[in-house]
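The values are calculated or read from the model by the stated rules, or taken from the named source; none is laboratory data. Bear in mind that the values here come from a model prediction, so they are computed numbers and not experimental data. Don't worry about glycine lacking a Cβ; one is built from the backbone with ideal geometry, like all the others, and counts go over all protein chains shown. These area figures cover heavy atoms from the full protein model, side chains too; ligands, DNA and RNA do not enter into them. Shrake-Rupley method; radii C 1.70, N 1.55, O 1.52, S 1.80 Å.
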Amino acid sequence: QVQLVESGGGLVQAGGSLRLSCFASGRTFSTYAMGWFRQAPGKERECVAAITGSGESTYYKDSVRNRFTISRGTTKNTVHLQMNALTPEDTAVYYCAADGLYSDLLRLRADYWGQGAQVTVSS
């Protein structure tokens with residue numbers, strides 16, 4: 001059974017940092033693209049960052065570029081999101097996702113989703 005489990009969410013003050021991690025199990029993910037999505041109350045889910053299976057290509061939403069960094073672990077079944085200079089606008093439930101096609105993640109499609117981790121940034 002495939003599972004994606006996020007960790008590292010929480011409450012932080014504006015300007016602070018958090019690191020989200022996602023551990024994927026149940027199959028080999030070395031060739032899968034992985035990404036982080038978020039959904040704030042009343043808003044649509046959006047792709048925040050994505051990374052190819054090799055880790056050579058990445059995508060960032062404009063509003064998080066230069067503040068967030070996505071990376072994969074050496075075993076390729078983990079993905080991290082380092083979030084710096086957080087603002088209240090970053091408050092959302094963050095979801096880890098994996099898909100066989102990198103382009104699918106950019107179209108908000110994924111084969112597998114995590115259960116979500118709450119990130120709350122106070123002003």
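Dipole size of segment 50-123 about its Cα centre, with +1 on Lys/Arg Cβ and -1 on Asp/Glu Cβ: approximately 100 debye, rounded to the nearest 20. Farthest toward the positive end of the dipole of the chain, out of SER63, CYS47, GLY10, is the Cα of GLY10, where the dipole comes from beta carbon charges about the Cα centre.
Carbon and sulfur atoms: what percent of the 1.4 Å accessible area of segment 1-115 do they account for? Each step should come with its number before you reach the end.
Values: 2760 of 5810 Å².
Summing carbon and sulfur atoms, their accessible area is 48 percent of the total for segment 1-115.
Remark: spin-label model distance ARG67-THR120 equals 1.9 nm, labels positioned 7 Å along the Cα→Cβ axis.
Think of it this way: in the chain, CYS47 stand alone, with no other Cys Cβ under 4.7 Å. In the context of the full set of protein chains, residues of the chain present 50 Å² of accessible surface per residue (probe radius 1.4 Å, heavy atoms only). When a/c is below 1.5 the answer is rounded, else prolate if a/b is larger than b/c, else oblate, so apply that to the chain with a ≥ b ≥ c taken from the square roots of the Cα gyration tensor eigenvalues. Prolate, since a/c reaches 1.5 and a/b exceeds b/c.
What's the ranking of 95-105, 58-68 by average number of surrounding C-beta atoms within 10 Å, highest first? Kindly include the intermediate steps, with their values, before the conclusion.
Numbers: 95-105: 20.1, 58-68: 14.8.
Most protected by this proxy first, the peptides run 95-105, 58-68.
Given R₀ = 22 Å, what would the calculated FRET efficiency be for SER17 paired with GLU46, taking r from the Cβ atoms and rounding to 0.05?
E between SER17 and GLU46, to the nearest 0.05, is 0.60.
For segment 24-94, the list of GluC sites (Glu not before Pro) that fall in a loop by DSSP and count at most 15 other C-beta atoms within 10 angstrom reads GLU44, GLU56. Rounded, prolate or oblate: which fits segment 68-110, taking a ≥ b ≥ c as square roots of the Cα gyration tensor eigenvalues, rounded meaning a/c under 1.5, else prolate when a/b beats b/c? It comes out oblate by the Cα gyration axes.
Sequentially through segment 99-109, phi angles give Karplus couplings (6.51, -1.76, 1.60; θ = phi - 60°) of 8, x, 10, 4, 5, 5, 4, 5, 9, 6, 10 Hz, Gly and Pro residues having no value and appearing as x.
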